[in-house]
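For reference, the structure discussed in these notes is given below.
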Amino acid sequence: MVDAIIRAAHTGAARFICVDPIDDGARAFYKNFSFKVIEGDEPGRMYLPVTAALAAFLGSH
């Protein structure tokens, strides 16, 4: 999955990773990884810029 995100980021096909946490525990999990709530969208929907995800992933390897 990470490979697909990296390829999409390099081609400009993806700018954000969006998630719909199923409960408060999942919401806390994503928040721990710097996901932010999308205000005015589906209740609880969260996002993380692909650039932030790549920086975190590539920085850890």
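The values are calculated or read from the model by the stated rules, or taken from the named source; none is laboratory data. Nothing here was measured: the structure is a model prediction, and the numbers come from that model. So basically every Cβ, Gly included, is an ideal-geometry build from the backbone, and we count neighbours across all protein chains shown.
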- Item | Considering residues of segment 13-31 that are within 11 Å of the chain's Cα centre (by Cα) and assigned to a helix (DSSP H, G or I) only, the residue nearest to ASP3 (Cα to Cα) | TYR30
- Subset tally (residues that are in a loop (DSSP other than H, G, I, E, B) and exposed (fewer than 12 other Cβ atoms within 10 Å of the Cβ)) for segment 32-44: 4
- Item | Looking only at segment 45-61, and only at residues there that are surrounded by 12 or more Cβ atoms within 10 Å (Cβ to Cβ) and in a helix (DSSP H, G or I), the one that is modelled with the lowest pLDDT | PHE57
